[in-house]
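Each reported figure results from applying straightforward, stated rules to the coordinates on display, with no laboratory input. Quick caveat, the model's predicted, so the values are computed rather than measured. Cβ placement follows ideal geometry from the backbone for every residue including glycine, while neighbour counts extend to all protein chains displayed.
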Amino acid sequence: MKILAIDSSGLVASVAIVTEEKVLAEYTVNNKKTHSQTLLPMLDEIVRLSDQELNEIDAIAVAGGPGSFTGLRIGSSTAKGLGLALNKPIINIPTVDALAYNLYGTDRLICPVMDARRNQVYTGIYEFPGDEFTVVMPQKAVGVADIAEELNLLGREVIFLGDGVEVHGEKLREIMTVPFCFAPVHLSKQRAAAVGALGMLYYGKGLTESADDHEPVYLRLSQAERELMEKRSSKSDS
């Protein structure tokens, strides 16, 4: 079993080729370049350096949202195009789930926080009871104070990770009442290898879709859509 994995849901661009036994190749960049500039060259590079053939992969796993609207569109369109060209299924991995999967095996609660702007984060709550990945609270868009309150009520130690830590870390320090920590830098951001590894689990459960059917999951309206709704609302009120 061999999976090509893609994650361009946030600031990080990452691609990987993963089997059940190992990560054959992974290329991750977090340096403010646009994903449209980096993703395909990175993909070409890992294929070349690992001596792989794209037609040999069994499926394409992609971080399908939530996240950056532009980043999700680039990642999903790349996965969709490859899936159509190679006739391979897509494994649509929830972005926040894949981020949490970086911290496999911890006995603490895992809380990814991705900055969603407008004073919100994309987040969820996860754990590994008996080494089994478990979704305690599915991914959603909420205020930082709201997720902190939910964690405080659960009364367990928490690990935070994700680009939202850099933006909202001080606020979390102020409002968290349970013990918590922030993941180290090598585990704190999106990694395509985690998308691929989680994709293996999804594939085994039959959770795939055709490239034709694949669409990213945004959870919120885009800024353009919000502005259009606000204009329509103001016109109807006038």
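Note on the range 128-217: enclosed strands (runs of 3 or more DSSP E) holding 3 or more residues that are under 22 Å from residue 72 (Cβ atoms) and within 17 Å of the chain's Cα centre (by Cα) are 134-143. Inside the range 2-55, residues that are surrounded by fewer than 13 Cβ atoms within 10 Å (Cβ to Cβ), farther than 19 Å from residue 83 by Cα and not basic (Lys, Arg) make up a count of 7.
A Cβ distance below 8 Å, combined with a sequence gap of six or more or placement on separate chains, defines the contacts here; from the range 131-147, residues that are more than 17 Å from residue 98 (Cβ to Cβ) and without any contact (Cβ under 8 Å) to a residue 24 or more places away in the chain reach residues that are among the hydrophobic types (A, V, I, L, M, F, W, C) and buried (at least 17 other Cβ atoms within 10 Å of the Cβ) in the pairs 142/121. The set of residues in the range 53-77 that are without any contact (Cβ under 8 Å) to a residue 40 or more places away in the chain and out of contact with any His (no Cβ under 9 Å at 6 or more places or on another chain) comprises 53, 55, 77. When every residue of the range 91-106 is checked against the conditions, at least one turns out to be crowded, with 21+ Cβ neighbours inside 10 Å, among the aromatic types (Phe, Trp, Tyr), outside any strand (DSSP E or B) and in contact (Cβ under 8 Å) with a residue 24 or more places away in the chain. Being among the charged types (D, E, K, R), touching a helix residue (DSSP H, G or I) at 6+ places or on another chain (Cβ under 9 Å) and more than 29 Å from residue 39 (Cβ to Cβ), is that true of even one residue in the range 51-61? Looking for residues that are among the charged types (D, E, K, R), touching a helix residue (DSSP H, G or I) at 6+ places or on another chain (Cβ under 9 Å) and more than 29 Å from residue 39 (Cβ to Cβ), one finds none in the range 51-61, hence no.
Checking each residue in the range 69-121 for being over 16 Å from residue 194 (Cβ atoms) and among the hydroxyl-bearing types (Ser, Thr, Tyr) picks out 70, 76, 77, 78.
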